[in-house]
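Below: one structure, written as structure tokens.
The values are calculated or read from the model by the stated rules, or taken from the named source; none is laboratory data. A quick note: this is a predicted structure, and the numbers were derived from the prediction, not measured. Here the Cβ is made from the backbone with ideal geometry for all residues, glycine too, and neighbour counts use every protein chain on show.
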Amino acid sequence: MSVLQLQGVTRVHGDGDNAVNALIDTDLRIEAGELVAIMGPSGSGKSTLLNLAGGLDAPTSGAVLVEGTILASLNKKKLAALRRRSIGYVFQDYNLVPSLTAAENAALPLELDGMAAGKARTLAHAALEEVGLDAKQGDRFPDELSGGQAQRVAIARALIGDRRLVLADEPTGALDSVTGEEVLKLLRRRCDEGAAGLLVTHDARHAGWADRVVFLRDGRVVDSSAPLADAETLLEGAQ
Amino acid sequence: MSVKHSLLALLERGPAYGYQLRSAFESATGNTWPLNIGQVYTTLNRLERDALVEAMPENDSGQRPYRITDSGRRHLAGWFASPVQAADRPRDELTIKLALAVTTPGVDVADVIQRQRTATLRLLQEYTRLKAAEDQPELAWRLVLESMIFRAEAEIRWLDHTEAVVARTGRPEPRPFPQHADESETEVLQEKR
């Protein structure tokens, strides 16, 4: 079962003469262990796709499934619960709660889901450790962290608990190129360990970390690329 | 690529003979540019002729190491101090292809761009995979790979930009061929002179 599946998804904004097709008849599957990047010019439907995948928006037609559940079949409360339990988000500006420590931020989804604070905090520290942040850094507030550290906290939070789908919207946009790459590497590693990732980026170098890159133009998938099987042939080509 | 300067740079580390230089060069560039041993010796001979290196006595195994001379060191310093000129690089087929694509009737420019973008991105993914395969890659190897990654990225950005420009400005009408036969004949005559 795919972690994320879009089946013939179309999203139209407005109606009549003002109708804008933000996304047209799009199919996409992301399996556990896979990182898929979405690229395309502004207005090509990247954000629409991400919002639909995260249940923040609903398709005009077609279906979005997360771990086999059709999002449109859920009422508001159940959808919120599924989003909390199954989907993590990483944004360009980290979106950490400034009045909570790094560990409290990472623990937030678990606590919102009813887990006792102590237990959630322990899991949060473990999640932070997995992204390379120690207990001391876990007790810091967001404004005491560097951009790279803050984004690590966001990734820990996105994948805490049993959540297996991480949706990342330009997650390295605010970071320098080396720090940005570290964040990408981390996302890559979490996917190698079994998460499914959807990365929206305009930066080809970052899309390079993905297993597949899907190109959108005017709301349609125009192409997709997967790496070649044989790496050696490339180096011959580079001579 | 300058084999001459690469060998001088390697000899700056200390004396070495042909095979050592070849394997040091290949390891410094992550085996990206294999070097022919014949090429190494021909270059060493030329460097010796120009007094940029000197041959040392043969060692017990019959190998003859070379060492860099002061003149070779100055030459090497000059190489590092001067930028690589754009004119030294070969013509870029992709640039020419797109320049012709926008003026050739019946060519879907967006399609040409998209095919190239996918192909270049695939390369970029593969380079990234090679890079990710090693946790602590050797610095020189990392540098070579990253150079290829950034070049691929630049090409994709240029393709994105070209696509946007073509979409915004539309395609130009191709210019007609020059009408006057004598015009080109004049050019030929001028060239002959």
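Here are some notes:
- Among strands (runs of 3 or more DSSP E) entirely within the range A:5-84, having at least 1 residues that are free of Cβ contacts under 8 Å to residues at least 24 places away in the same chain singles out A:20-30.
- Selection of the range A:190-202 for residues being modelled with pLDDT under 90 and either facing chain B (nearest Cβ under 9 Å) or in contact with a strand residue (DSSP E or B) (Cβ under 9 Å, 6 or more places away or on another chain) (or both) yields A:ARG190, A:HIS202.
- Of the helices (runs of 4 or more DSSP H) that lie entirely inside the range A:115-220, those containing 2 or more residues that are among the charged types (D, E, K, R) span A:117-130, A:147-158, A:177-192.
- Residues that are at the interface with chain B (Cβ under 7 Å from one of its Cβ atoms) and at pLDDT below 90 were ranked within the range A:206-225; the one that is nearest to the chain's Cα centre (by Cα) is A:SER225.
- Any hit, the range A:66-81, residues being in contact with a strand residue (DSSP E or B) (Cβ under 7 Å, 6 or more places away or on another chain), closer than 15 Å to A:LEU198 by Cα and buried (at least 16 other Cβ atoms within 10 Å of the Cβ): yes
- Restricting the range B:28-59 to residues that are within 14 Å of another protein chain (Cβ to nearest Cβ) and farther than 10 Å from B:VAL3 by Cβ, the residue that is surrounded by the most Cβ atoms within 10 Å (Cβ to Cβ): B:GLY30
- Residue pairs meeting the criteria (Cβ under 9 Å; at least 6 apart or on separate chains; first within 12 Å of chain A (Cβ to nearest Cβ), in the range B:103-119; second among the basic types (Lys, Arg)): B:ALA110/A:ARG217; B:GLN114/A:ARG217; B:GLN116/B:LYS97
- Qualifying residue in the range A:7-29 (condition: out of contact with any strand residue (DSSP E or B) (no Cβ under 7 Å at 6 or more places or on another chain) and either buried (at least 18 other Cβ atoms within 10 Å of the Cβ) or within 30 Å of B:LEU121 (Cα to Cα) (or both)): no
- Residue ID - farthest from B:GLY62 (Cα to Cα), chosen from residues in the range B:1-39 that are part of a loop (DSSP other than H, G, I, E, B) and among the hydroxyl-bearing types (Ser, Thr, Tyr): B:THR32
- Among helices (runs of 4 or more DSSP H) entirely within the range B:75-193, having at least 2 residues that are modelled with pLDDT under 85 and surrounded by 10 or more Cβ atoms within 10 Å (Cβ to Cβ) singles out B:93-101, B:139-169, B:181-192.
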